[in-house]
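Enquirer: Sending over a structure as structure tokens; questions will come in a sec.
The values are calculated or read from the model by the stated rules, or taken from the named source; none is laboratory data. Here the structure is a predicted model, which is why all the values come from computation and not from measurement. Cβ placement follows ideal geometry from the backbone for every residue including glycine, while neighbour counts extend to all protein chains displayed.
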Amino acid sequence: MRKPLWEPSADLIKNANMTRFMDFVNKRYGLKVNSYNELHEWSVNHLSDFWAAMWDFGEIKASKPYDTIMVTGKHMIDTKWFPGARLNFAENMLRYRDNQTALIFKSEGAGSVKMTYAELYDHVARLAKALRDAGVKTGDRVAGFMPNRMETVCAMLATTSIGAIWSSCSSDFGLKGALDRFGQIKPRVLFTTNGYFYNGRAFDSLTRVAEILKDLPSIEKVVVVAYTESNPDVSHVPNAVRYDDFISKEKGLEIQFEQVPADHPLYIMYSSGTTGLPKCMVQSTAGILIAHIKELKLHTNVKREDTIFYFTTCGWMMWNWLVSSLALGATVVLFDGSPFYPGPGVLFEMTQNEGITIFGTSPRYLAEIEKVGLKPAREYNLASLQTVLSTGAPLSVGNYEYVYRDIKQDVLLSSISGGTDINGCFFIGNPLLPVYAGELQCKGLAFDMQSFDSQGQPVLNQQGELVCTRPYPSMPLYFWNDEGNKRYLDAYFDVYPDVWHHGDFVEMTDSGGAIIYGRSDATLNPSGVRIGTAEIYRVLENVSEIRDSLVIGQEWENDERVILFVRLTDGAQLNEDLVKKIRNTIKDNLSPRHLPAKIIPVGDIPYTINMKKVEIAVRNIVHNKPVLNIDALANPESLEYYKNIKELQS
């Protein structure tokens, strides 16, 4: 019998928001739901009742109530949610106006800066007035080419308070990456900083912005936040104004929250763009609001007294997700810079100093700090820490063990998984359930997730395609400039009719959890046997000489063979002994069919800016196919290591 790494205390269960919600629906609907699995089953079988309860329990502020919860259409994407309702996203984020800290900003080599909820409201009010005075109106697009700063949050809230649409990408995106995104949606206003810091260096942004503007004639105003210098010269940037000169100087302003329909566009998010032009996914006001409140309030157990942090850029949906914690009155920590500068413990020092209770990161970060020998439990006071979240890739058994051994024993470790497309999580944490190594705790409430075999039938305790069989509010409304929803339907509904095909390779466990084995499009298929790449990554974490790895399938002699690329630790060499050790580790922990035909050392592993390995780009290089949208990569120069490799010719 499996032994959990962590189990919730009776006190935690008693006081959890999830328990209160269970009591709420039991009383409202005369139910006798006593466990999470029962609650989940009820939620997917009674979608209207669940989302009605979530609307009230989440205390959604709306000037006009909905007429009905949902109206189904011919296809899943035709479902209308909360028709008749009128509300404003920013109004829900700014329901508190007191002196509790709303935002904490920490950048490289500098102390933290704080802003209260009262100060946040005032700042957003002045910025919203400036945007209105600049001519921004409901439905216009406002873009952020910004680091993860307070001004970014304020710009998003000011934009959405008007009913305009917010869209952002990280300031470290290249010229083409930014144009591939913003060029499609034609924003009227662009927020940027004059530069940003990373790993002890200052980088200029305004030169890139000036170049971007040559191909973005829709931009009427560029608002420049001073960051790397206090009084930047903006004269070479067309239509530019300094942020401090742009924001209204009036005091005591009340925000005019534009009341919009539930399905009014809120965000435009982007796919990674590593396989083609990024998809521009338009997401709804009520859908994102209620989904985020569900995931933060129930699954993450966020309360007013919490301080929540996620290591993210403004180009990743985890930024949008994190900022929605404002609706619950929590303190949100924003960090900009390298998590390894000036040392690998900088984020845990911040956790100690700011009293962070919920800490969000990625498997790669956990693997890196373990490799360098960081033991945060010994070096920092982490008494405040209650929850560790991880996403971006599957969390390995080794990652779980490291967290409980070297970070904190009494902590809820939640491996969560979803996507930018839904701006949320299909699988997520749960304060009522135990944590098992290598397994995501549960399906999110009201998500009918299944693992389908090749015949489109649900399977348990075996690998299959991750699907969602019922609609949910945070589905994209549509893709920008996608006539007839062609790209939308091709992206998610081309495999199973009217069933969302997410593109992950997954195993549903009989405990109600899940194990993710990687992206379906990167799944290996030697001799017709499907293998998730994450399986191999998991076991290779036990090989101390390997710092990082990437595995692909290479077409070979009318079949496919497994190719393993390894980035070695300093001083390690890929000699016969290490090759034997790698092969034995894979064979002993997995099976002979997982064994790579070739093991090849490389200088670096390519990642997207959102910290996801890009197996497809490497596979394309190996097969002499073009790699599109290289600007979506954090380290595009790493692709050079995979070109013209002689070992792959035999």
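Enquirer: Of the numbered conditions (1) touching a helix residue (DSSP H, G or I) at 6+ places or on another chain (Cβ under 7 Å); (2) more than 25 Å from Pro278 (Cβ to Cβ), Leu334 fails exactly one; give the number of that condition.
Expert: (2)
Enquirer: Hey, Ala393 hits all of (1) in a loop (DSSP other than H, G, I, E, B); (2) out of contact with any strand residue (DSSP E or B) (no Cβ under 6 Å at 6 or more places or on another chain); (3) surrounded by fewer than 22 Cβ atoms within 10 Å (Cβ to Cβ) but one; which does it fall short on?
Expert: (3)
Enquirer: Given the structure, is Ser451 at pLDDT 95 or above, of a type in the set (Ser, Thr, Tyr) and in contact with an Asp or Glu (Cβ under 8 Å, 6 or more places away or on another chain)?
Expert: Working: at pLDDT 95 or above: yes; of a type in the set (Ser, Thr, Tyr): yes; in contact with an Asp or Glu (Cβ under 8 Å, 6 or more places away or on another chain): yes.
It is true that Ser451 is at pLDDT 95 or above, of a type in the set (Ser, Thr, Tyr) and in contact with an Asp or Glu (Cβ under 8 Å, 6 or more places away or on another chain).
Enquirer: Being of a type in the set (Gly, Ala, Ser), under 32 Å from the mean Cα position of the chain (by Cα) and modelled with pLDDT of 90 or more is the filter here, so list the residues in segment 567-623 that pass it.
Expert: Matches in segment 567-623: Gly603 only.
Enquirer: Being surrounded by fewer than 23 Cβ atoms within 10 Å (Cβ to Cβ), at pLDDT below 95 and within 16 Å of Leu389 (Cβ to Cβ), is that true of even one residue in segment 338-353?
Expert: Yes, some residue in segment 338-353 is surrounded by fewer than 23 Cβ atoms within 10 Å (Cβ to Cβ), at pLDDT below 95 and within 16 Å of Leu389 (Cβ to Cβ).
Enquirer: Looking for whichever is touching a Ser or Thr at 6+ places or on another chain (Cβ under 6 Å), β-branched (Val, Ile, Thr) and in the same structural domain as Phe340 (by TED's automatic domain parsing) here; the options are Thr152, Thr101. Which one fits?
Expert: None of the other options fit; the residue is Thr101.
Enquirer: Suppose the filter is surrounded by fewer than 17 Cβ atoms within 10 Å (Cβ to Cβ) and of a type in the set (A, V, I, L, M, F, W, C); does Leu253 pass it?
Expert: yes
Enquirer: Now for a separate question. Does Ala102 qualify as being part of a helix (DSSP H, G or I), modelled with pLDDT of 95 or more and of a type in the set (Gly, Ala, Ser)?
Expert: no
Enquirer: Residue check: is Val467 out of contact with any strand residue (DSSP E or B) (no Cβ under 8 Å at 6 or more places or on another chain) and of a type outside the set (Gly, Ala, Ser)?
Expert: no
Enquirer: Please work out which residue is surrounded by the most Cβ atoms within 10 Å (Cβ to Cβ), limiting yourself to segment 417-431 and to residues that are more than 16 Å from Tyr400 (Cβ to Cβ) and polar (S, T, N, Q).
Expert: Asn423
Enquirer: If you don't mind, there's one more thing I want to ask. Which numbered condition in (1) part of a helix (DSSP H, G or I); (2) surrounded by 24 or more Cβ atoms within 10 Å (Cβ to Cβ); (3) within 25 Å of the chain's Cα centre (by Cα); (4) touching a residue at least 60 places away in the same chain (Cβ under 8 Å) is the only one that Phe182 fails?
Expert: Among (1) part of a helix (DSSP H, G or I); (2) surrounded by 24 or more Cβ atoms within 10 Å (Cβ to Cβ); (3) within 25 Å of the chain's Cα centre (by Cα); (4) touching a residue at least 60 places away in the same chain (Cβ under 8 Å), the lone unmet condition for Phe182 is (4).
Enquirer: Got a sec? Which strands (runs of 3 or more DSSP E) wholly within segment 521-634 have at least 1 residues that are surrounded by fewer than 18 Cβ atoms within 10 Å (Cβ to Cβ) and in the same structural domain as Arg364 (by TED's automatic domain parsing)?
Expert: Output list is empty.
Enquirer: Please verify whether Val189 is over 21 Å from Leu103 (Cβ atoms) and buried (at least 23 other Cβ atoms within 10 Å of the Cβ), treating the condition exactly as stated.
Expert: Against the criterion (over 21 Å from Leu103 (Cβ atoms) and buried (at least 23 other Cβ atoms within 10 Å of the Cβ)), Val189 qualifies.
Enquirer: Identify, please: which residue in segment 85-97 is in a loop (DSSP other than H, G, I, E, B) and touching a strand residue (DSSP E or B) at 6+ places or on another chain (Cβ under 7 Å) and is, among those, farthest from Ala128 (Cα to Cα)?
Expert: The selected residue is Ala85.
Enquirer: Within segment 8-28, can you find the residues that are in a loop (DSSP other than H, G, I, E, B) and over 26 Å from the mean Cα position of the chain (by Cα)?
Expert: Within segment 8-28, just Ser9 meets the criteria.
Enquirer: OK, next. Please work out which one of (1) assigned to a loop (DSSP other than H, G, I, E, B); (2) closer than 25 Å to Tyr537 by Cβ is the condition Arg364 fails and give its number.
Expert: Evaluating Arg364 over (1) assigned to a loop (DSSP other than H, G, I, E, B); (2) closer than 25 Å to Tyr537 by Cβ leaves (1) as the failure.
Enquirer: Right, something else. Residue under question is Gly360, and the condition is that it be more than 21 Å from the chain's Cα centre (by Cα) and within 30 Å of Lys61 (Cα to Cα); does it hold?
Expert: Spelling it out, it is not the case that Gly360 is more than 21 Å from the chain's Cα centre (by Cα) and within 30 Å of Lys61 (Cα to Cα).
Enquirer: Looking only at segment 442-462, count every residue that is of a type outside the set (A, V, I, L, M, F, W, C) and under 15 Å from Ser511 (Cα atoms) and tell me the total.
Expert: Qualifying residue count for the region: 6.
Enquirer: Give, as residue ranges, the strands (runs of 3 or more DSSP E) completely inside segment 210-316 that count at least 3 residues that are without any contact (Cβ under 8 Å) to a residue 60 or more places away in the chain.
Expert: Details: elements: 221-225, 240-242, 265-270, 280-284, 307-310.
Qualifying strands (runs of 3 or more DSSP E): 240-242.
Enquirer: Listed residues Ala128, Ala110; which is farther than 17 Å from Thr331 by Cα, in a loop (DSSP other than H, G, I, E, B) and in the same structural domain as Ser325 (by TED's automatic domain parsing)? Working first, answer last.
Expert: Details: Ala128 fails: in a loop (DSSP other than H, G, I, E, B).
Matching residue, one of Ala128, Ala110: Ala110.
Residues checked against (1) more than 21 Å from the chain's Cα centre (by Cα); (2) β-branched (Val, Ile, Thr); (3) buried (at least 23 other Cβ atoms within 10 Å of the Cβ):
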position	(1), (2), (3)
Leu433	yes, no, yes
Glu439	no, no, yes
Asp448	no, no, no
Phe452	yes, no, no
Gln455	yes, no, no
Gln462	yes, no, no
Pro476	no, no, yes
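Enquirer: Oh, and also: What number of residues within segment 106-120 are more than 19 Å from Tyr227 (Cβ to Cβ) and of a type in the set (Val, Ile, Thr)?
Expert: Residues flagged as more than 19 Å from Tyr227 (Cβ to Cβ) and of a type in the set (Val, Ile, Thr) within segment 106-120 amount to 1.
Enquirer: Of all residues in segment 71-119, which are in contact with a Lys or Arg (Cβ under 7 Å, 6 or more places away or on another chain), within 30 Å of Phe479 (Cα to Cα), crowded, with 16+ Cβ neighbours inside 10 Å and aliphatic (A, V, I, L, M)?
Expert: Ala85, Leu87 - these are the residues of segment 71-119 that are in contact with a Lys or Arg (Cβ under 7 Å, 6 or more places away or on another chain), within 30 Å of Phe479 (Cα to Cα), crowded, with 16+ Cβ neighbours inside 10 Å and aliphatic (A, V, I, L, M).
Enquirer: Of all the residues that make up segment 256-278, how many are at pLDDT below 95 and among the hydrophobic types (A, V, I, L, M, F, W, C)?
Expert: 1
Enquirer: If you don't mind, there's one more thing I want to ask. Name the one entry in Gly571, Gly553 that is at positive phi and not aliphatic (A, V, I, L, M). Spell out the reasoning first.
Expert: Details: Gly553 fails: at positive phi.
The match here is Gly571.
Enquirer: Let me ask something additional. Of all residues in segment 38-79, which are charged (D, E, K, R) and either at pLDDT below 95 or assigned to a helix (DSSP H, G or I) (or both)?
Expert: Glu38, Glu41, Asp49, Asp56, Lys74, Asp78 - these are the residues of segment 38-79 that are charged (D, E, K, R) and either at pLDDT below 95 or assigned to a helix (DSSP H, G or I) (or both).
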